[in-house]
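**Student:** Just passing along the structure, written as C-alpha cells.
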Amino acid sequence: MLFRQKGIMRITGTFLDEITFDIPSNNWGTAQWDMDFAAMKRIGIDTVIIIRSGLNRQAIFNSKAISKKVKLLPVHSDLAQMFLELAEKHKMKLFFGTYDSNIFWRDGRLQDEVDINLELVDEIWQKYGKCSAFAGWYMAHEFGRLYGDVPKSLKKVADRCKAVSGGLPVIMSPYMWGKKAVGEDAIDIEQHRKEWNDILSILHKSVDIVAFQDGHVDYNELKDYICVNKQLINKYQMTAWSNVESFDRDMPFNFPPIDWRKMQWKLDFAAQAGVDKCITFEFSHFMSPYSTWPSARNLFFRYCEHFGIDIKELCD
Amino acid sequence: MLFRQKGIMRITGTFLDEITFDIPSNNWGTAQWDMDFAAMKRIGIDTVIIIRSGLNRQAIFNSKAISKKVKLLPVHSDLAQMFLELAEKHKMKLFFGTYDSNIFWRDGRLQDEVDINLELVDEIWQKYGKCSAFAGWYMAHEFGRLYGDVPKSLKKVADRCKAVSGGLPVIMSPYMWGKKAVGEDAIDIEQHRKEWNDILSILHKSVDIVAFQDGHVDYNELKDYICVNKQLINKYQMTAWSNVESFDRDMPFNFPPIDWRKMQWKLDFAAQAGVDKCITFEFSHFMSPYSTWPSARNLFFRYCEHFGIDIKELCD
Amino acid sequence: MLFRQKGIMRITGTFLDEITFDIPSNNWGTAQWDMDFAAMKRIGIDTVIIIRSGLNRQAIFNSKAISKKVKLLPVHSDLAQMFLELAEKHKMKLFFGTYDSNIFWRDGRLQDEVDINLELVDEIWQKYGKCSAFAGWYMAHEFGRLYGDVPKSLKKVADRCKAVSGGLPVIMSPYMWGKKAVGEDAIDIEQHRKEWNDILSILHKSVDIVAFQDGHVDYNELKDYICVNKQLINKYQMTAWSNVESFDRDMPFNFPPIDWRKMQWKLDFAAQAGVDKCITFEFSHFMSPYSTWPSARNLFFRYCEHFGIDIKELCD
C-alpha cells in the first residue's frame, strides 16, 4: 500500500528497536507502545519490523534456543508477544527479526551464529507463528560489504525462515560502506555495485526485500546510490524498499531526530529512484509524538502538515 | 537599548541558527517560530541575526548566486522571508548572514568564497532589502586567528554589504583560540591580542560591531579576554558586543543548554568589561521555553525570575 | 529502612549532583527542587547525599575554607542551605559531601587537598551542623584503585568529619576499575579484591558505609563483583550499600537515563549479594518525573508501576 502526494513517498513501515545497540530507551510500558502504534497507524504505517530477537545477552523473549549457547540476562517480559498483539490490534503486518550475538559472526564463529538462529527460527515460529499479524522475517545481521562467508551463512538462516513458515517473505536492511559509516575507508559507488552484485547473487532466492539504509553517504550522492541499489535488486528479481533513517547522522552526538528538510530530500530521492516502499529506522524514538526527543514530536507534526494528515484528536 | 538590573546585563540579541552545522534541528514550523519570537521579545530581545544564508549545499532561500558555483540541495521554503516577516511583526532588527561554503576558504580557494558572496549580497539586497526589519549584515565566516588572507578577503564582502545597502552596519562574531576550541594548541592572551590587533586593523572600516564568542576560554580567564577584546575594538573605533553563548561547552556531549550559574558569570564579566550589548548563540535551542531541550525552558524561567520578567501568560 | 517486594530491593537514597562534572544542569529553582524531593519521598527515598561541596572553582556555598587556596567563581546562592531545608521539610537524612579540587590530588599535591578539606569540614559543621537533617558525611573523592597515598590522606578527612560531628557516619562511593571505566586497562576481579582489601584496611575505622558504583563492569560480571565487595566490606565491619546508577553507560553519548530493564538487573544483583541499601546516582537527572530527560520521567513511571507505588496525584 503506497501513498503518494506532491510526488513524494510516505513512510509506511518502521522498525521496532526495543533491544537497542546504540539508541537510549524510551522506557515505555505497554500503554505507551499502544499509543505509539496508534500514531504510526494514523500516518499510514502498515508494517512493523522487530529489529532483532536479541542482541548478545539480551532478548525480547526468554528464548530456549539462544540460551543454549549464550547465558541471557533475565527477561522479565515478552516483548514479542506485546508487539504481535499491538500489530494485530492496529491491523499491521509484523516482520520478526533474528538474533545477532554481536560476537560469533565477527569472531570467526559464523557457524555458531547460524546454529543459534536455525534453532531460534523454529522456536519463534512454534511460539508466535499462529499470530495473524506475523507476516514475515527480518534478517538482523547488518553488513555493508562482501565479508567472506557471511552472505552464504545468512542464506541458511533465511532459507529456514521461509521453510518453517510456508514461504513468508524475508527482509534485509544493509548499509552502504560510505563516508558516514567508515570515514576515509569508504568505497566508491562502483565498488559498492560490484560487491552487492555478488552478495545479492547469493541471497536472491532466500531474501525477498532489500531495504538499504540511506544514511551513510552524502545527500548529494544519495540518489545515485539508491538508483544503483534499485538496479541490482531488480536484476535479481527482488523487491527494493528504502530505509529512510529518521535520525540525524551529521550531529556531534549520536543520534538526535533528523531535520525535516533532510527527510524530505531522502523521500524525494527514494521516489525518484522508484523504490516500492519507504520504511524508517525508526518511528518510536525519532518521529513519534511520544518520543523522549521533543524534536521527534515536531518532526511528526512537520510530516503530518506536509502530507495533510489530520492529527487533531491524536496529540494535544 | 540596554537593560540593566542588579548590575548585570540582559541578553538583547540572538542568532537564528536554522542551517546548523552542529546543532540538531528543533523541527519547527512557522507557528512555532512565531511563538519563539514572542518569547524573545518578552525578555527584551530586539535584535536577531541570521547566522548564515547557507552552508555548503544547504541554503535558507533558493539563491541563484550560490547555485552558480554550488549544486544546492532542494530548498522547499524561504526561511529568510519568514524570519524577516517575524522580525517585522515583533518589531525587531534583523541582521542577514552571508554564505559559508565550509570548503573553498579552508581549501585555498578564498577567491571563490568571496565571489559567491559578492554576488549573493547583491541578490539578498535586491530580494529582501526593502523589508523594514532588514537592519544590517552578519559575516558568516567564523575564525579565531590571523589566517593568511582571510581578513583581507572577507573585508571585500563586508564592503559590498555596506555599499549595496547604503552603509548598513556589519557584525562579526569571532571566536578565541582558547583551550575549549583547540585544547593544547590554545594561544595565550598576548598572542590573541597581537593577532586580533592585526585582524581588526584590516577590518575596522568595513565591520562595525565585533561580538566575540565567550565560550572557548576558562571562566576564570574570561573577564581578562573580554577586556582585551574591548580595548582592541575601542582602539579601532568599532562597537563591542559579547556573544554570551547559551550552550554548555563543558559537558561530554555537544551541546546541552548552559547551567544558569555559568550564564550569570558570563553576563557579569561582559558588564564588568563594559561591552555595549549582549547577544547569544542562541535563544531558540538553548534558552527558549519551546526548545526541544527541556533544560532550555528551565534556563528561560531562571533568567526571567532573575530579572523579574513576568511570563505568566506566555508559558503555561 | 528497607523496602522489599517481589524479591527486589528499592532505591532509598540518591545523590544530589548540583555541581556536576559531566551531567548537564536541569536549571531548576527552589520550587522545582521541592517538587523533586516530594517525588523522591513518594518512592521511598529517605537519604540524600550532596555529592560535593565544590569542584575546582565552583562551590555550593561561599566557602571561606576553599577560598583560601582556590579563587572561586561567584556563588550567588546557598545550595547547601536549600538542600538541608528541603531534607528537613521532606523528613530525609542528608549526607554532606567534601570538596574535590580535581587538581591537587591528581597532581602530587595531596596535602593541599587534605588541608582545604580539614578546614572545610570545620566550616561546614559550624555553619550547617545544627540542621536536624544533617545526618553524616560523604567523601567526595572518587577512585577505583589503590593509588599511592590517597586512602591514607582521605582517612584524615574522614576522621575530621567524625571528630567534629560527634561521630556521624561517613559514606564513600568508589568505582570499579572495569572495562566501562578504563577499557583495555581494566583489572580483573582478583586484582580488584586485592587492592580494595588494602584500601579498606586503611579506611575501615574512618568510613562507615561503602556504596560501590555499579556501572563499570558488564552486567554478566556485576553480581560477582558486588559479592566480592560485600565480602570485603563485611570483613572490615563496614556497611555495604550499592550505588545503582540510573544512567546508561552503554550509549554513544554520556549519559541518558538507563533502560528500566538494566536497572532491574542491577537491583536484583544487589539484593542477591545482600547489600543493606540501594542508593542511586542520581534521581534528579535520570529518574525524576521532572528531569529534563523525558525518558527519566518514563523510568520513574516504570519503577512505580513495578513496585505498585501510587503516583496519581503526583504527576499529571
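The values are calculated or read from the model by the stated rules, or taken from the named source; none is laboratory data. Source: prediction; values computed, not measured. Cβ placement follows ideal geometry from the backbone for every residue including glycine, while neighbour counts extend to all protein chains displayed.
**Student:** I'm trying to understand the selection: among the residues of the range B:244-259, which are surrounded by fewer than 21 Cβ atoms within 10 Å (Cβ to Cβ) and closer than 16 Å to B:F212 by Cα?
**Tutor:** Scanning the range B:244-259 gives a single hit, B:R249.
Table: residues versus (1) farther than 23 Å from C:K91 by Cα; (2) assigned to a helix (DSSP H, G or I).
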{"site": "C:E119", "(1), (2)": "yes, yes"}
{"site": "C:D122", "(1), (2)": "yes, yes"}
{"site": "C:W125", "(1), (2)": "no, yes"}
{"site": "C:S132", "(1), (2)": "no, no"}
{"site": "C:G136", "(1), (2)": "no, no"}
{"site": "C:F143", "(1), (2)": "yes, no"}
{"site": "C:P151", "(1), (2)": "yes, yes"}
{"site": "C:K155", "(1), (2)": "yes, yes"}
{"site": "C:C161", "(1), (2)": "no, yes"}
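**Student:** Keeping to the range B:203-226, report how many residues are assigned to a helix (DSSP H, G or I), more than 22 Å from B:F95 (Cα to Cα) and more than 14 Å from chain C (Cβ to nearest Cβ).
**Tutor:** The qualifying residues number 2.
**Student:** Step by step: first the residues of the range A:227-268, then only those that are within 22 Å of A:L200 (Cβ to Cβ) and of a type in the set (F, W, Y), then the one that is farthest from the other protein chains (Cβ to nearest Cβ). Which residue is that?
**Tutor:** Here the residue is A:Y236.
**Student:** Right, next: Restricting to the range C:184-202, name every residue that is assigned to a loop (DSSP other than H, G, I, E, B) and within 13 Å of C:G144 (Cβ to Cβ).
**Tutor:** Hits for the range C:184-202 are C:A186, C:I187.
**Student:** Tally up the residues in the range A:5-61 that are β-branched (V, I, T) and more than 14 Å from chain C (Cβ to nearest Cβ), please.
**Tutor:** Qualifying residue count, the range A:5-61: 11.
**Student:** To continue, here is another question. Do we find a residue being within 14 Å of another protein chain (Cβ to nearest Cβ) and at pLDDT below 95 anywhere in the range C:95-103?
**Tutor:** yes
**Student:** Mind counting the residues in the range C:243-296 that are in contact with a Cys (Cβ under 6 Å, 6 or more places away or on another chain) and within 23 Å of A:P294 (Cβ to Cβ)?
**Tutor:** Of the residues in the range C:243-296, 1 are in contact with a Cys (Cβ under 6 Å, 6 or more places away or on another chain) and within 23 Å of A:P294 (Cβ to Cβ).
**Student:** Consider the range B:62-87. How many of its residues are more than 26 Å from B:A135 (Cα to Cα) and either in contact (Cβ under 8 Å) with a residue 12 or more places away in the chain or away from chain A (no Cβ under 14 Å) (or both)?
**Tutor:** Total satisfying the criteria: 6.
**Student:** Ok, one more. Would you check which residues across the range B:284-301 are at pLDDT below 95 and within 9 Å of chain C (Cβ to nearest Cβ) and list them?
**Tutor:** Answer for the range B:284-301, where residues must be at pLDDT below 95 and within 9 Å of chain C (Cβ to nearest Cβ): B:W293, B:P294.
**Student:** Do you know which residues across the range B:130-156 are small (G, A, S) and in contact with a strand residue (DSSP E or B) (Cβ under 9 Å, 6 or more places away or on another chain)?
**Tutor:** Correct list: B:A133, B:A135, B:G136, B:A140, B:G144.
**Student:** Working carefully through the options B:S132, B:S77, B:S153, find the one that is more than 25 Å from B:A211 (Cβ to Cβ), surrounded by fewer than 22 Cβ atoms within 10 Å (Cβ to Cβ) and polar (S, T, N, Q).
**Tutor:** B:S77
**Student:** Which is closer than 21 Å to A:D250 by Cβ and either modelled with pLDDT of 95 or more or acidic (D, E) (or both), of B:L73, B:L84?
**Tutor:** After ruling out the rest, the residue left standing is B:L73.
**Student:** Now for a separate question. Mind telling me which of the residues B:V182, B:V210 ends up being among the β-branched types (V, I, T), within 22 Å of B:E245 (Cα to Cα) and touching a helix residue (DSSP H, G or I) at 6+ places or on another chain (Cβ under 8 Å)?
**Tutor:** Of the residues listed, the single one that is among the β-branched types (V, I, T), within 22 Å of B:E245 (Cα to Cα) and touching a helix residue (DSSP H, G or I) at 6+ places or on another chain (Cβ under 8 Å) is B:V210.
**Student:** Taking interchain pairs and intrachain pairs at least six residues apart, which have beta carbon atoms under 7 angstrom, with the first residue in the range B:261-281 and within 20 Å of C:L73 (Cβ to Cβ) and the second assigned to a helix (DSSP H, G or I) and of a type in the set (A, V, I, L, M)?
**Tutor:** Listed by first residue and then by second, the contacts come to B:K266/B:L222; B:F269/B:L222; B:F269/B:I226; B:A270/B:I226; B:A273/B:I226; B:V275/B:I226; B:C278/B:L267; B:C278/B:A270.
**Student:** I'd like to check which helices (runs of 4 or more DSSP H) are fully inside the range C:227-316 and have at least 3 residues that are in contact with a strand residue (DSSP E or B) (Cβ under 6 Å, 6 or more places away or on another chain).
**Tutor:** Helices (runs of 4 or more DSSP H) meeting the threshold: C:260-273, C:294-307.
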